[in-house]
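Peer 1: Pasting a structure here, questions to come.
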Amino acid sequence: MTTIIDGNAIGDDIRGELEGSVEVLDEAGVTPGLATVLMSEDPASSTYVSMKQRACEEIGINGIHVEIEPDAPADELFSTLDELNADPEVHGILVQMPVPDHVDTWEVLNYINPAKDVDGFHPENVGRLVAGRPRFKPATPHGVQRLLQETGVETEGADAVVIGRSDIVGKPMANLLIQKGPVGNATVTICHSRTADLAAKTRQADIVIAAVGYPGIVDGSMLKEGAVVIDVGVNRVDADNERGYKLVGDVDFESAREVASAITPVPGGVGPMTITMLLWNTVKAAGDLEGVDIDLP
Ligand code: GUN
C-alpha cells in the first residue's frame, strides 16, 4: 500500500499547536506580526501572499501587507524595508519573490534585518544553515523535513536525490538532509538541468525530492521500488475545466504511486506545509526578538 502523504492534515496539526505558542506570547503581551511585501502583478504571487496573510489571521498572527507598484523605483521598496526593519510590532518580513528585473534580488535579501528574515534567505541565515546552526530554515525545505518526520521516513544513511538547485528549495533542502541530527544524515545528490542522466540518479534513490517546476519530469519508470517521493512542483497545465487550467507537480503522480512506498500529492502535499512553516518561523522570530520562551511544535 502506498502512503499518500497528507500535507493538509500534518500542516493543520502543526498550526493547531502553534496557536498554543501564540497564546503564550499573548500572555506575555506580544502579538507576533508578519509583514508581506508584494512588488509584482503576477497572479500566482498575489495568490500566495493572500494565502499567507489568511493563514496568519487564522492563528492570531498580525498580518501587515504592503503592495508596491512593479514599475516603482527600487528605493520605494528599500524605504518600506527601512520602516519594517525598525517597526517593533513587525517580527517577520517577507518580500515575495520574484521582484521586478530593475530591483536587485541580492540587495533586497541583504537589506532585510536577519532577525526578521522569516524566509531564511539573508546570507547570514543561509550561512548559519550551512554551518548546521540554523536560525530560520526556509519554509519549503523545512516543511518537507517535517513531512518526512511525521511519515516516519528514515533519512539516516538513505540515498536522497534532490532535483533542482534553487536558493529557495533545492540548495537548502540538500543542506538540511546532510546535517547531523533528526531528519538528516542522508547521502544527497543534487540534480539539475545539466544533469547527464537523471533517471540513472533517481533509480538509485530511497528518497526523491522534485523541485524544478517542470511537469512530469519524474515518472514511475525512474523510481526504485519503495522510494519515498516528495513533489515540490506546482505547475499550471491546460485543462478542460472552468478555470482552463489545473495544478500538477513535477512528478507524474499516477505512474509514480505504483512504485513509491509514500508520495505527496499536488495540491495537498508540500504546499500547505510551506505556509505552516512560515508561520512557525514568524512565531519563533517573535519569541526570539521579544525574549519570550516558547515551545515550538
Ligand atoms: N516565491 C516563491 N517561493 C517563495 C518563498 O518561499 N518566499 C518568498 N519570499 N518568495 C517566494
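Read-outs: derived from the displayed coordinates by stated rules, not from any lab. Treat the numbers as computed from the prediction; the structure is a model and nothing was measured. Every residue, glycine among them, receives a Cβ derived from its backbone with ideal geometry; neighbour counts consider all protein chains shown.
Peer 1: Given the alpha-carbon gyration tensor of the stretch 104-171, what are the semi-axes of its equivalent ellipsoid in whole angstrom, ordered largest first, with each equal to the square root of 5 times an eigenvalue?
Peer 2: On the way: eigenvalues 126, 33, 22 Å².
Equivalent ellipsoid of the stretch 104-171: 25, 13, 11 Å, largest first.
Peer 1: Could you tell me which of rounded, prolate or oblate describes the stretch 48-91, using a ≥ b ≥ c as the square roots of the eigenvalues of the alpha-carbon gyration tensor, with rounded for a/c under 1.5 and, failing that, prolate when a/b is larger than b/c and oblate otherwise? Don't jump to the answer; show the numbers that get you there.
Peer 2: Details: a/c = 4.62, a/b = 1.49, b/c = 3.10.
Here the stretch 48-91 falls in the oblate category.
Peer 1: Looking at the chain, what % of its DSSP beta bridges pair antiparallel, to the nearest 5?
Peer 2: Values: 4 of 32 bridges.
Antiparallel bridges make up about 10 percent of those DSSP assigns within the chain.
Peer 1: Related question: Give me the percent of DSSP beta bridges within the stretch 145-217 that run antiparallel, rounded to the nearest 5. Provide the component values of the computation, followed by the final result.
Peer 2: On the way: 0 of 9 bridges.
DSSP beta bridges in the stretch 145-217 are roughly 0 percent antiparallel.
Peer 1: Rounded to the nearest whole Å³, what is the per residue volume of the convex hull around the Cα atoms of the stretch 172-227?
Peer 2: Working: hull volume 5.1 nm³, N = 56.
Per residue, the Cα convex hull of the stretch 172-227 comes to 91 Å³.
Peer 1: Hey, any idea what the orientation-averaged projected area of the convex hull of the stretch 75-136's Cα atoms comes to, in nm²?
Peer 2: Values: hull surface 16.6 nm².
Computing the convex hull of the Cα atoms and averaging its projections yields 4.2 nm².
Peer 1: May I pose another question? Rounded if a/c is under 1.5, else prolate if a/b is larger than b/c, else oblate: which is the stretch 185-297, with a ≥ b ≥ c the root eigenvalues of its Cα gyration tensor?
Peer 2: Numbers: a/c = 2.38, a/b = 1.48, b/c = 1.61.
It is oblate, given that a/c is not under 1.5 and a/b is not larger than b/c.
Peer 1: A further question on this structure: Can you bin the stretch 129-210 into rounded, prolate or oblate? Criterion: square roots of the alpha carbon gyration tensor eigenvalues sorted a ≥ b ≥ c, rounded for a/c under 1.5, prolate for a/b above b/c, oblate for the rest. Please report the intermediate quantities before stating the final value.
Peer 2: Details: a/c = 1.85, a/b = 1.31, b/c = 1.41.
Taking the square roots of the gyration eigenvalues as a ≥ b ≥ c, the stretch 129-210 is oblate.
Peer 1: Follow-up question, since we're still on this one. So, by mean Cβ neighbours within 10 angstrom, what's the order for 216-223, 42-49, 116-123 with the highest one leading?
Peer 2: On the way: 216-223: 20.1, 42-49: 13.6, 116-123: 23.0.
Packing proxy ranking, top to bottom: 116-123, 216-223, 42-49.
Peer 1: If you don't mind, another one. With no solvent and one point per C-alpha, what does the Debye sum give as log10 I(q)/I(0) for the chain at q = 0.08, 0.11 Å⁻¹?
Peer 2: Here log10 of I(q) over I(0) equals -0.35, -0.66.
Peer 1: When the helix-only estimate is applied to the chain (DSSP H runs of n ≥ 4, each -39,500 (n - 2.57), divided by the residue count), what is the mean residue ellipticity at 222 nm, nearest 500 deg cm²/dmol?
Peer 2: Values: 10 runs with 119 residues, N = 297.
-12500 deg cm²/dmol, from helical runs alone.
Peer 1: Evaluate 2.2 N^0.38 Å with N set to the residue count of the stretch 5-163, then give the Cα radius of gyration divided by it.
Peer 2: Details: Rg = 17.0 Å, N = 159, 2.2 N^0.38 = 15.1 Å.
Compared with the compact-globule rule of thumb, the stretch 5-163 sits at 1.13.
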